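Here the structure comes first, spelled out in C-alpha coordinates, and everything after it is commentary.
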Amino acid sequence: MAQAAAVNTKWWSGGKSPFNVEYGKLMMWYFLMSDTFTFGAFLIAYGTVRMSSISWPDPNHVFNAFPGAGHAHLPLVFVSLMTFILIVSSVTMVLAVHEGHHGNRKGVVKWMFWTIIGGLAFLSCQAWEWNHLFHEGAWWGRNPFPNADGTVATTNFSNFFFTITGFHGFHVFSGVIINLITLIMAQTGVFEKRGHYLMIEKVGLYWHFVDLVWVFVFLFFYLV
Amino acid sequence: MEHQTFGGEVTLPHHAPTDESKKRIWKTTLILSVITMFELALGYLIYNMHQSPDYNHTLVLALKGVIIILSLAKAFYIVSIFMHLGDEIRNLIMTIVAPLMIFIWFIIAFMYEGNSWKTLRNKYNPQEPVKYEQTETPSHEGGLK
(Lines give C-alpha, C1' and ligand atoms only; values in the text may rest on other atoms or scores of the structure.)
Protein backbone atom coordinates (compact mmCIF):
# COMPACT_ATOMS: atom_id res chain seq x y z
CA MET A 1 0.00 0.00 0.00
CA ALA A 2 2.91 2.28 0.64
CA GLN A 3 3.82 1.88 -3.02
CA ALA A 4 0.33 2.85 -4.13
CA ALA A 5 0.56 6.03 -2.12
CA ALA A 6 3.92 6.87 -3.69
CA VAL A 7 2.57 6.24 -7.21
CA ASN A 8 -0.35 8.49 -6.49
CA THR A 9 1.86 11.53 -6.11
CA LYS A 10 3.16 11.28 -9.69
CA TRP A 11 1.01 13.06 -12.28
CA TRP A 12 2.00 10.86 -15.21
CA SER A 13 1.78 7.46 -13.52
CA GLY A 14 -1.76 6.90 -14.70
CA GLY A 15 -5.06 6.50 -12.96
CA LYS A 16 -5.87 10.19 -12.92
CA SER A 17 -5.89 13.30 -15.06
CA PRO A 18 -2.25 14.41 -15.44
CA PHE A 19 -3.42 17.99 -15.79
CA ASN A 20 -5.65 17.73 -12.73
CA VAL A 21 -8.49 19.21 -14.72
CA GLU A 22 -11.70 17.97 -16.25
CA TYR A 23 -11.65 17.08 -19.97
CA GLY A 24 -14.08 19.74 -21.14
CA LYS A 25 -12.23 22.48 -19.31
CA LEU A 26 -8.90 21.40 -20.77
CA MET A 27 -10.38 21.43 -24.26
CA MET A 28 -11.80 24.90 -23.63
CA TRP A 29 -8.28 26.05 -22.80
CA TYR A 30 -6.94 24.58 -26.03
CA PHE A 31 -9.74 26.12 -28.03
CA LEU A 32 -8.97 29.50 -26.50
CA MET A 33 -5.30 29.04 -27.31
CA SER A 34 -6.14 28.44 -30.97
CA ASP A 35 -8.48 31.42 -30.91
CA THR A 36 -5.61 33.50 -29.56
CA PHE A 37 -3.72 32.69 -32.75
CA THR A 38 -6.69 33.67 -34.88
CA PHE A 39 -7.00 37.06 -33.19
CA GLY A 40 -3.23 37.37 -33.05
CA ALA A 41 -3.00 36.83 -36.80
CA PHE A 42 -5.68 39.44 -37.40
CA LEU A 43 -4.00 42.02 -35.19
CA ILE A 44 -0.54 41.31 -36.57
CA ALA A 45 -1.86 41.68 -40.14
CA TYR A 46 -3.33 45.01 -39.10
CA GLY A 47 -0.06 46.03 -37.45
CA THR A 48 1.97 45.07 -40.50
CA VAL A 49 -0.20 47.05 -42.91
CA ARG A 50 -0.32 50.03 -40.57
CA MET A 51 3.42 49.92 -40.16
CA SER A 52 3.97 49.74 -43.92
CA SER A 53 1.79 52.82 -44.48
CA ILE A 54 3.46 56.22 -44.59
CA SER A 55 0.54 57.72 -42.67
CA TRP A 56 -2.63 56.41 -41.00
CA PRO A 57 -5.91 57.97 -39.78
CA ASP A 58 -5.71 59.34 -36.23
CA PRO A 59 -8.08 57.29 -34.02
CA ASN A 60 -8.72 60.35 -31.84
CA HIS A 61 -10.33 62.05 -34.83
CA VAL A 62 -12.27 59.00 -35.97
CA PHE A 63 -13.68 57.72 -32.67
CA ASN A 64 -14.71 60.99 -31.07
CA ALA A 65 -18.49 60.70 -30.82
CA PHE A 66 -20.74 59.85 -27.90
CA PRO A 67 -24.47 58.98 -28.02
CA GLY A 68 -26.51 62.11 -27.52
CA ALA A 69 -23.50 64.41 -27.50
CA GLY A 70 -24.09 65.74 -31.02
CA HIS A 71 -20.93 66.90 -32.77
CA ALA A 72 -18.87 67.39 -29.63
CA HIS A 73 -15.26 66.26 -30.02
CA LEU A 74 -14.83 63.60 -27.31
CA PRO A 75 -11.91 61.31 -28.11
CA LEU A 76 -11.57 58.06 -26.09
CA VAL A 77 -14.72 58.68 -24.02
CA PHE A 78 -17.11 56.19 -25.62
CA VAL A 79 -14.52 53.44 -25.94
CA SER A 80 -13.62 53.89 -22.25
CA LEU A 81 -17.25 53.24 -21.40
CA MET A 82 -17.21 50.08 -23.55
CA THR A 83 -13.99 48.91 -21.90
CA PHE A 84 -15.38 49.39 -18.40
CA ILE A 85 -18.62 47.61 -19.29
CA LEU A 86 -16.60 44.60 -20.41
CA ILE A 87 -14.33 44.65 -17.34
CA VAL A 88 -17.38 44.81 -15.05
CA SER A 89 -19.08 41.93 -16.88
CA SER A 90 -15.86 39.94 -16.48
CA VAL A 91 -15.99 40.59 -12.73
CA THR A 92 -19.63 39.49 -12.47
CA MET A 93 -18.67 36.35 -14.40
CA VAL A 94 -15.87 35.49 -11.98
CA LEU A 95 -18.32 36.05 -9.11
CA ALA A 96 -20.73 33.57 -10.76
CA VAL A 97 -17.88 31.02 -10.94
CA HIS A 98 -17.12 31.75 -7.28
CA GLU A 99 -20.75 31.06 -6.30
CA GLY A 100 -20.59 27.89 -8.41
CA HIS A 101 -17.67 26.66 -6.28
CA HIS A 102 -19.96 27.02 -3.27
CA GLY A 103 -22.79 25.24 -5.10
CA ASN A 104 -24.98 28.30 -4.58
CA ARG A 105 -27.59 28.18 -7.35
CA LYS A 106 -29.17 31.55 -6.54
CA GLY A 107 -25.80 33.30 -6.55
CA VAL A 108 -24.83 31.74 -9.89
CA VAL A 109 -28.09 32.80 -11.50
CA LYS A 110 -27.81 36.34 -10.13
CA TRP A 111 -24.26 36.94 -11.36
CA MET A 112 -24.86 35.19 -14.71
CA PHE A 113 -27.80 37.53 -15.20
CA TRP A 114 -25.62 40.61 -14.66
CA THR A 115 -22.93 39.18 -16.93
CA ILE A 116 -25.49 38.82 -19.71
CA ILE A 117 -26.70 42.39 -19.11
CA GLY A 118 -23.07 43.57 -19.41
CA GLY A 119 -22.62 41.63 -22.65
CA LEU A 120 -25.79 43.09 -24.12
CA ALA A 121 -24.75 46.60 -23.05
CA PHE A 122 -21.41 46.13 -24.80
CA LEU A 123 -23.08 44.85 -27.97
CA SER A 124 -25.46 47.82 -27.94
CA CYS A 125 -22.50 50.20 -27.67
CA GLN A 126 -20.79 48.49 -30.57
CA ALA A 127 -23.97 48.56 -32.66
CA TRP A 128 -24.24 52.31 -32.00
CA GLU A 129 -20.62 52.90 -32.93
CA TRP A 130 -20.83 50.87 -36.13
CA ASN A 131 -24.02 52.67 -37.09
CA HIS A 132 -22.41 56.04 -36.38
CA LEU A 133 -19.33 55.22 -38.45
CA PHE A 134 -21.51 53.85 -41.26
CA HIS A 135 -23.38 57.14 -41.40
CA GLU A 136 -20.10 59.00 -41.53
CA GLY A 137 -19.35 57.01 -44.68
CA ALA A 138 -17.11 54.25 -43.32
CA TRP A 139 -17.67 50.60 -44.21
CA TRP A 140 -15.72 47.73 -45.74
CA GLY A 141 -14.14 49.23 -48.85
CA ARG A 142 -15.01 52.82 -47.89
CA ASN A 143 -12.99 55.16 -45.72
CA PRO A 144 -13.86 58.85 -45.39
CA PHE A 145 -11.18 59.59 -42.76
CA PRO A 146 -7.98 61.30 -43.94
CA ASN A 147 -4.53 60.28 -42.77
CA ALA A 148 -2.96 62.07 -39.83
CA ASP A 149 -0.67 63.95 -42.25
CA GLY A 150 -3.68 65.21 -44.24
CA THR A 151 -3.32 62.90 -47.24
CA VAL A 152 -6.14 60.69 -48.53
CA ALA A 153 -6.13 57.34 -46.71
CA THR A 154 -6.61 53.90 -48.23
CA THR A 155 -9.56 51.72 -47.21
CA ASN A 156 -7.24 49.57 -45.06
CA PHE A 157 -8.27 51.43 -41.92
CA SER A 158 -12.01 50.66 -42.22
CA ASN A 159 -11.43 47.15 -43.51
CA PHE A 160 -9.33 46.17 -40.53
CA PHE A 161 -11.50 48.02 -38.04
CA PHE A 162 -14.76 46.41 -39.13
CA THR A 163 -13.27 42.96 -39.61
CA ILE A 164 -11.52 42.78 -36.24
CA THR A 165 -14.14 44.51 -34.08
CA GLY A 166 -16.77 42.51 -35.97
CA PHE A 167 -15.02 39.23 -35.23
CA HIS A 168 -14.69 40.24 -31.60
CA GLY A 169 -18.33 41.35 -31.49
CA PHE A 170 -19.34 37.98 -32.89
CA HIS A 171 -17.48 36.35 -30.00
CA VAL A 172 -19.32 38.59 -27.54
CA PHE A 173 -22.61 37.71 -29.20
CA SER A 174 -22.00 33.96 -29.05
CA GLY A 175 -20.76 34.41 -25.47
CA VAL A 176 -24.05 36.05 -24.52
CA ILE A 177 -26.00 33.17 -26.11
CA ILE A 178 -23.87 30.56 -24.29
CA ASN A 179 -24.24 32.50 -21.02
CA LEU A 180 -28.00 32.59 -21.53
CA ILE A 181 -28.13 28.82 -22.06
CA THR A 182 -26.08 28.12 -18.93
CA LEU A 183 -28.19 30.61 -16.96
CA ILE A 184 -31.31 28.64 -17.91
CA MET A 185 -29.54 25.36 -17.07
CA ALA A 186 -28.51 26.73 -13.67
CA GLN A 187 -31.99 28.06 -12.99
CA THR A 188 -33.68 24.75 -13.86
CA GLY A 189 -31.30 22.87 -11.55
CA VAL A 190 -29.36 20.91 -14.19
CA PHE A 191 -26.02 21.63 -12.49
CA GLU A 192 -27.43 20.91 -9.06
CA LYS A 193 -28.39 17.45 -10.30
CA ARG A 194 -24.89 16.99 -11.75
CA GLY A 195 -23.41 17.95 -8.40
CA HIS A 196 -21.02 20.56 -9.79
CA TYR A 197 -20.99 23.88 -11.60
CA LEU A 198 -18.07 23.11 -13.91
CA MET A 199 -20.06 24.31 -16.93
CA ILE A 200 -20.10 27.81 -15.42
CA GLU A 201 -16.30 27.67 -15.16
CA LYS A 202 -15.94 26.66 -18.81
CA VAL A 203 -18.33 29.33 -20.01
CA GLY A 204 -16.49 31.74 -17.73
CA LEU A 205 -13.19 30.95 -19.45
CA TYR A 206 -14.72 31.85 -22.82
CA TRP A 207 -16.20 35.07 -21.47
CA HIS A 208 -12.91 36.20 -19.90
CA PHE A 209 -11.18 35.47 -23.18
CA VAL A 210 -13.57 37.86 -24.92
CA ASP A 211 -12.57 40.52 -22.39
CA LEU A 212 -8.92 39.67 -22.93
CA VAL A 213 -9.19 40.16 -26.69
CA TRP A 214 -10.89 43.51 -26.15
CA VAL A 215 -7.88 44.65 -24.09
CA PHE A 216 -5.82 44.32 -27.26
CA VAL A 217 -8.44 45.61 -29.71
CA PHE A 218 -8.84 48.68 -27.46
CA LEU A 219 -5.07 49.05 -27.31
CA PHE A 220 -4.29 48.79 -31.01
CA PHE A 221 -7.31 50.52 -32.54
CA TYR A 222 -8.07 53.28 -30.07
CA LEU A 223 -5.04 53.99 -27.88
CA VAL A 224 -1.87 53.74 -29.96
CA MET B 1 -13.12 19.69 0.40
CA GLU B 2 -13.31 16.08 -0.77
CA HIS B 3 -11.93 14.80 -4.03
CA GLN B 4 -14.44 15.23 -6.80
CA THR B 5 -14.97 12.50 -9.37
CA PHE B 6 -15.60 13.26 -13.02
CA GLY B 7 -16.27 10.25 -15.19
CA GLY B 8 -14.08 7.98 -13.10
CA GLU B 9 -11.14 10.37 -13.00
CA VAL B 10 -10.03 11.56 -9.64
CA THR B 11 -9.48 15.27 -9.66
CA LEU B 12 -8.14 17.32 -6.84
CA PRO B 13 -9.90 20.53 -5.93
CA HIS B 14 -7.96 23.49 -7.29
CA HIS B 15 -8.38 25.67 -4.28
CA ALA B 16 -10.86 25.81 -1.49
CA PRO B 17 -13.26 28.63 -2.29
CA THR B 18 -12.94 30.95 0.65
CA ASP B 19 -13.47 34.61 1.35
CA GLU B 20 -9.80 34.95 0.48
CA SER B 21 -10.56 34.19 -3.18
CA LYS B 22 -13.35 36.75 -3.19
CA LYS B 23 -10.95 39.34 -1.81
CA ARG B 24 -8.58 38.44 -4.62
CA ILE B 25 -11.31 39.07 -7.18
CA TRP B 26 -11.95 42.59 -5.86
CA LYS B 27 -8.26 43.34 -5.67
CA THR B 28 -7.81 42.27 -9.30
CA THR B 29 -10.82 44.35 -10.34
CA LEU B 30 -9.23 47.37 -8.71
CA ILE B 31 -5.88 46.71 -10.40
CA LEU B 32 -7.50 46.32 -13.84
CA SER B 33 -9.52 49.52 -13.40
CA VAL B 34 -6.54 51.54 -12.23
CA ILE B 35 -4.36 50.29 -15.10
CA THR B 36 -7.11 51.11 -17.62
CA MET B 37 -7.52 54.62 -16.23
CA PHE B 38 -3.77 55.14 -16.33
CA GLU B 39 -3.73 53.95 -19.95
CA LEU B 40 -6.50 56.41 -20.80
CA ALA B 41 -4.57 59.21 -19.10
CA LEU B 42 -1.53 58.38 -21.24
CA GLY B 43 -3.82 58.21 -24.31
CA TYR B 44 -4.99 61.77 -23.59
CA LEU B 45 -1.42 62.87 -23.04
CA ILE B 46 -0.46 61.52 -26.47
CA TYR B 47 -3.52 63.20 -27.98
CA ASN B 48 -2.53 66.55 -26.47
CA MET B 49 1.05 66.15 -27.65
CA HIS B 50 -0.22 65.51 -31.19
CA GLN B 51 -1.88 68.95 -31.17
CA SER B 52 1.41 70.73 -31.74
CA PRO B 53 3.00 69.96 -35.12
CA ASP B 54 6.55 69.59 -33.78
CA TYR B 55 5.89 67.09 -31.00
CA ASN B 56 8.54 64.82 -29.60
CA HIS B 57 8.25 61.62 -31.68
CA THR B 58 10.52 59.58 -29.44
CA LEU B 59 8.50 60.46 -26.34
CA VAL B 60 5.20 59.54 -28.06
CA LEU B 61 6.69 56.21 -29.12
CA ALA B 62 7.93 55.58 -25.57
CA LEU B 63 4.48 56.38 -24.12
CA LYS B 64 2.89 53.96 -26.60
CA GLY B 65 5.37 51.33 -25.47
CA VAL B 66 4.37 51.94 -21.85
CA ILE B 67 0.68 51.51 -22.78
CA ILE B 68 1.46 48.20 -24.53
CA ILE B 69 3.34 46.90 -21.48
CA LEU B 70 0.45 47.94 -19.21
CA SER B 71 -1.98 46.04 -21.47
CA LEU B 72 0.20 42.94 -21.19
CA ALA B 73 -0.01 43.31 -17.40
CA LYS B 74 -3.81 43.47 -17.70
CA ALA B 75 -3.78 40.32 -19.83
CA PHE B 76 -1.68 38.58 -17.18
CA TYR B 77 -4.12 39.49 -14.40
CA ILE B 78 -7.17 38.39 -16.41
CA VAL B 79 -5.63 35.03 -17.35
CA SER B 80 -3.97 34.31 -14.03
CA ILE B 81 -6.67 35.44 -11.58
CA PHE B 82 -10.00 35.65 -13.43
CA MET B 83 -9.41 32.55 -15.54
CA HIS B 84 -7.64 30.84 -12.62
CA LEU B 85 -4.78 29.65 -14.83
CA GLY B 86 -2.38 30.55 -12.03
CA ASP B 87 -4.13 27.95 -9.85
CA GLU B 88 -3.68 25.10 -12.34
CA ILE B 89 -0.71 22.77 -12.17
CA ARG B 90 2.50 23.67 -13.98
CA ASN B 91 2.13 21.00 -16.68
CA LEU B 92 -1.14 22.50 -17.84
CA ILE B 93 0.09 26.10 -17.68
CA MET B 94 3.08 25.17 -19.85
CA THR B 95 0.98 23.49 -22.57
CA ILE B 96 -1.03 26.72 -22.85
CA VAL B 97 1.78 29.26 -22.53
CA ALA B 98 4.66 27.56 -24.37
CA PRO B 99 2.95 27.52 -27.83
CA LEU B 100 2.26 31.24 -27.44
CA MET B 101 6.01 31.84 -27.54
CA ILE B 102 5.71 31.64 -31.34
CA PHE B 103 4.15 35.11 -31.13
CA ILE B 104 7.60 36.49 -30.37
CA TRP B 105 8.74 35.47 -33.85
CA PHE B 106 5.36 36.27 -35.38
CA ILE B 107 5.37 39.89 -34.19
CA ILE B 108 9.05 40.63 -34.85
CA ALA B 109 9.03 39.11 -38.36
CA PHE B 110 5.88 40.89 -39.50
CA MET B 111 6.76 44.27 -37.99
CA TYR B 112 10.12 44.03 -39.74
CA GLU B 113 8.34 43.25 -43.01
CA GLY B 114 5.94 46.17 -42.58
CA ASN B 115 8.75 48.56 -41.80
CA SER B 116 10.70 47.36 -44.82
CA TRP B 117 7.71 48.14 -47.06
CA LYS B 118 7.46 51.60 -45.58
CA THR B 119 11.12 52.26 -46.26
CA LEU B 120 10.65 51.20 -49.88
CA ARG B 121 7.58 53.41 -50.21
CA ASN B 122 9.44 56.39 -48.82
CA LYS B 123 12.25 55.87 -51.33
CA TYR B 124 9.89 55.40 -54.28
CA ASN B 125 9.82 58.32 -56.64
CA PRO B 126 8.02 57.89 -60.00
CA GLN B 127 9.99 60.78 -61.55
CA GLU B 128 13.30 59.27 -60.64
CA PRO B 129 13.08 55.49 -60.44
CA VAL B 130 15.80 53.71 -58.55
CA LYS B 131 18.22 52.25 -61.03
CA TYR B 132 19.71 48.89 -60.32
CA GLU B 133 22.74 49.13 -62.60
CA GLN B 134 25.33 46.48 -62.71
CA THR B 135 28.51 47.81 -61.31
CA GLU B 136 31.83 46.59 -62.41
CA THR B 137 32.85 43.57 -60.47
CA PRO B 138 35.72 44.50 -58.22
CA SER B 139 38.90 42.77 -59.06
CA HIS B 140 39.83 40.09 -56.67
CA GLU B 141 43.15 39.81 -55.16
CA GLY B 142 43.97 36.17 -55.12
CA GLY B 143 41.31 33.50 -55.29
CA LEU B 144 40.12 31.85 -58.46
CA LYS B 145 40.47 33.83 -61.66
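The values are calculated or read from the model by the stated rules, or taken from the named source; none is laboratory data. Everything numeric in this text was worked out from a predicted model, so none of it was measured. Heads up, the Cβs are rebuilt from the backbone with ideal geometry, glycines too, and the neighbour counts pull from every protein chain shown.
Brief remarks follow.
- Residue satisfying all of: in segment A:1-30; more than 11 Å from every other protein chain (Cβ to nearest Cβ) and under 16 Å from B:LEU92 (Cβ atoms); modelled with the highest pLDDT among these: A:MET27
- Residue satisfying condition, being surrounded by fewer than 18 Cβ atoms within 10 Å (Cβ to Cβ) and either within 15 Å of A:GLY195 (Cα to Cα) or within 16 Å of the chain's Cα centre (by Cα) (or both), within set A:HIS132, A:HIS102: A:HIS102
- Looking only at residues in segment B:36-51 that are closer than 14 Å to B:ILE69 by Cβ and more than 7 Å from chain A (Cβ to nearest Cβ), the one that is surrounded by the most Cβ atoms within 10 Å (Cβ to Cβ) is B:LEU42.
- Pairs, first more than 16 Å from A:GLY166 (Cα to Cα) in segment A:134-145, second assigned to a loop (DSSP other than H, G, I, E, B) and β-branched (Val, Ile, Thr), C-beta under 6 Å, six or more apart: A:ASN143/A:THR155
- In segment B:116-135, the count of residues that are touching a helix residue (DSSP H, G or I) at 6+ places or on another chain (Cβ under 7 Å), within 11 Å of chain A (Cβ to nearest Cβ), at pLDDT 85 or above and within 17 Å of A:TYR30 (Cα to Cα) is zero.
- Any hit, segment A:116-130, residues being away from chain B (no Cβ under 14 Å), within 22 Å of B:TYR47 (Cα to Cα), of a type outside the set (Lys, Arg) and in a helix (DSSP H, G or I): yes
- Looking only at segment A:186-195, residues that are part of a helix (DSSP H, G or I) and more than 26 Å from A:TRP214 (Cβ to Cβ) come to 6 in all.
One line per residue, one yes/no per condition, for (1) within 11 Å of another protein chain (Cβ to nearest Cβ); (2) modelled with pLDDT of 95 or more; (3) over 15 Å from the mean Cα position of the chain (by Cα):
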| position | (1), (2), (3) |
| --- | --- |
| B:ASN56 | no, no, yes |
| B:ILE67 | yes, yes, no |
| B:HIS84 | yes, no, yes |
| B:GLU113 | yes, yes, yes |
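- Subset of segment A:202-224 (residues that are over 30 Å from B:LEU59 (Cα atoms) and more than 8 Å from every other protein chain (Cβ to nearest Cβ)): A:LYS202, A:VAL203, A:TYR206, A:TRP207, A:VAL210
- Checklist (1) at the interface with chain B (Cβ under 8 Å from one of its Cβ atoms); (2) over 30 Å from B:ILE107 (Cα atoms); (3) of a type in the set (Phe, Trp, Tyr) applied to A:TRP111, failing item: (1)
- Residue among A:LEU81, A:LEU95, A:LEU86 that is within 14 Å of chain B (Cβ to nearest Cβ), farther than 20 Å from B:HIS84 by Cβ and either out of contact with any helix residue (DSSP H, G or I) (no Cβ under 9 Å at 6 or more places or on another chain) or not β-branched (Val, Ile, Thr) (or both): A:LEU81
- Residues of segment A:148-177 classified as of a type in the set (A, V, I, L, M), surrounded by fewer than 16 Cβ atoms within 10 Å (Cβ to Cβ) and part of a helix (DSSP H, G or I), total: 1
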